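Just below is one structure, and these are the notes that go with it.
The values are calculated or read from the model by the stated rules, or taken from the named source; none is laboratory data. No experiment lies behind these values; they were computed from the predicted model shown. Glycine gets a Cβ as well: all are built from the backbone with ideal geometry, and neighbour counts include every protein chain shown. Remember, those area values only see protein heavy atoms, side chains included, never the ligands or the DNA or RNA. Shrake-Rupley method; radii C 1.70, N 1.55, O 1.52, S 1.80 Å.
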Amino acid sequence: EKCGYASFMLKEIAEQPKAVADTLLGRIDGSGTLSLDEVRIPPGVLREVDKVVVVACGTAFHAGLIAKYAIEHWTRIPCEVELASEFRYRDPILDQQTLVVAISQSGETMDTLMALRHAREQGARVLAICNTNGSTIPRESDAVLYTHAGPEVAVASTKAFLTQLVACYLVALYLGQVRGTKYGDEIGDVVRDLSGISGAVERVLGTMDPVRELARSLAHKNTVLFLGRHVGHPVALEGALKLKELAYMHAEGFAAGELKHGPIALIEEDLPVVVVVPSPRGRSVLHDKIVSNIQEIRARGARTIVIAEEGDEAVVPYADHLVRIPATPTLLQPLVATVPLQVFACELATARGNEVDQPRNLAKSVTVE
Ligand code: M6R
């Protein structure tokens, strides 16, 4: 069943272009209109929504952090993202105008299930984003949008994450469409961009040899840091999580703007730091700021591993290792920027002799609180 791959994780990383395409399939018509027929919450109810709360755990939580940027931008509805395990213990403010989005690959994560039960008890509507047909979370939700990643066997989530992102973008665009926000004009463009994303992921996968080589050369390290800004921050968190679970290394993700508030003290000679660079087009302020961050850490001896768009020349002088990703609209960049981090963690873990499909102490679905 590994189809010639050395591990399920490698197979699932390679399946990502198809998983992304399958999750979009049938949900966007030729005119760029979205139709999400599994969303069984009436448009009238969605028009009244005044707050979106995303609950999830682990990698799915990182997808939720990225969803916040898309939902707030395209719908102008305030969006909170919360770890499902924390949610119900803080007595969250919820009512019938709250839309709770529960993201879960397995559909069986107990923390997420308890969070959605709590939300429904308070009268909120719950939309599940899930990869497992008929699992508990979608069964207990008001609506479900299935990700079509196919079965994910490796404990570390890869293709499910990318499809969760696609589903989150679709939900954000759908809400924007139903509510007719002033960003409605952008929807057609985004839908077109999304259609090209599967090909972009494929291109990234075709250029990963240097990333694998780099990962092998870092197998003896104890720590790797990850930095990002905007949607690149959750990508950095996801890169660090992958490295923790697979390579059993100390890995941390930071918002690059936080560096000078503490983490910069960690920088020492030859410490590998992966930096996810936002597009120089669009929000160029963010781009320029992260270039300064790269300069700052490099001046203190860090070994910089820079993930940047094709054509971004400003980063070249400060990158010890440069990983190119295709130019993508800012909000969609996580779909391409995450892939090298998955490959990096998988290869580094393998070089350390770890079993990547079944890391120690972890289970594929966590059905206890
Ligand atoms: O099945 P779920 O998406 O609800 O699982 C949530 C987390 O347990 C999961 O993403 C976990 O963090 C993965 N091992 C990450 O690779």
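Hey, can you tell me all the residues within segment 306-338 that are free of Cβ contacts under 8 Å to residues at least 60 places away in the same chain, more than 16 Å from Ile290 (Cβ to Cβ) and β-branched (Val, Ile, Thr)?
Within segment 306-338, none qualify.
Being assigned to a helix (DSSP H, G or I) and open to solvent by less than 40 Å² (accessible area, probe 1.4 Å) is the filter here; which residues of segment 45-63 pass it?
Here is the first cut: in segment 45-63, the ones assigned to a helix (DSSP H, G or I) are 45-48, 58-63.
Listed by number, the residues that qualify are Val45, Leu46, Gly58, Thr59, Ala60, Phe61, His62, Ala63.
Does segment 327-338 contain any residue that is within 16 Å of the ligand (Cβ to nearest atom) and at negative phi? Please lay out each step first, then the result.
Keep residues of segment 327-338 that are within 16 Å of the ligand (Cβ to nearest atom), which gives 334, 338.
Adding the requirement that they be at negative phi leaves 334, 338.
Within segment 327-338, one or more residues are within 16 Å of the ligand (Cβ to nearest atom) and at negative phi.
Mind listing whichever residues of segment 125-140 are in contact (Cβ under 8 Å) with a residue 40 or more places away in the chain, surrounded by 24 or more Cβ atoms within 10 Å (Cβ to Cβ) and more than 11 Å from the ligand (Cβ to nearest atom)?
We begin by selecting, within segment 125-140, every residue in contact (Cβ under 8 Å) with a residue 40 or more places away in the chain; these are 125, 127, 129.
Of the ones still in play, those that are also surrounded by 24 or more Cβ atoms within 10 Å (Cβ to Cβ) are 127, 129.
Listed by number, the list holds a single entry, Leu127.
Could you go through segment 300-309 and let me know if any residue there is acidic (Asp, Glu), over 17 Å from Gly239 (Cα atoms) and open to solvent by 40 Å² or more (accessible area, probe 1.4 Å). Please lay out each step first, then the result.
Going through segment 300-309, the residues acidic (Asp, Glu) turn out to be 309.
Subset that is over 17 Å from Gly239 (Cα atoms): 309.
Adding the requirement that they be open to solvent by 40 Å² or more (accessible area, probe 1.4 Å) leaves none.
No, because not a single residue in segment 300-309 is acidic (Asp, Glu), over 17 Å from Gly239 (Cα atoms) and open to solvent by 40 Å² or more (accessible area, probe 1.4 Å).
Does segment 289-323 hold any residues that are touching a strand residue (DSSP E or B) at 6+ places or on another chain (Cβ under 7 Å) and of a type outside the set (A, V, I, L, M), and which are they?
Once the filter is applied, which keeps residues that are touching a strand residue (DSSP E or B) at 6+ places or on another chain (Cβ under 7 Å) and of a type outside the set (A, V, I, L, M), segment 289-323 yields Asn293, Arg298, Arg303, Thr304, Glu309, Glu310, Tyr318, Asp320, His321.
Filter segment 168-204 for residues that are over 25 Å from Leu243 (Cα atoms), among the small types (Gly, Ala, Ser) and surrounded by 20 or more Cβ atoms within 10 Å (Cβ to Cβ) and give the result.
Of everything in segment 168-204, those that are over 25 Å from Leu243 (Cα atoms), among the small types (Gly, Ala, Ser) and surrounded by 20 or more Cβ atoms within 10 Å (Cβ to Cβ) turn out to be Ala172, Gly176.
Scan Gly253, Gly232 and give me the residue that is under 20 Å from Leu331 (Cα atoms), within 16 Å of the ligand (Cβ to nearest atom) and modelled with pLDDT of 95 or more.
Details: Gly232 fails: within 16 Å of the ligand (Cβ to nearest atom).
Going through Gly253, Gly232 in turn, the sole match is Gly253.
Within the group Val144, Val153, which residue is surrounded by fewer than 20 Cβ atoms within 10 Å (Cβ to Cβ), touching a residue at least 40 places away in the same chain (Cβ under 8 Å) and outside any helix (DSSP H, G or I)?
Going through Val144, Val153 in turn, the sole match is Val153.
Of the residues that sit in segment 205-220 and are in a loop (DSSP other than H, G, I, E, B), farther than 19 Å from Asp270 by Cα and in contact (Cβ under 8 Å) with a residue 60 or more places away in the chain, which one is most open to solvent (accessible area, probe 1.4 Å)?
The extreme case among them is Thr207.
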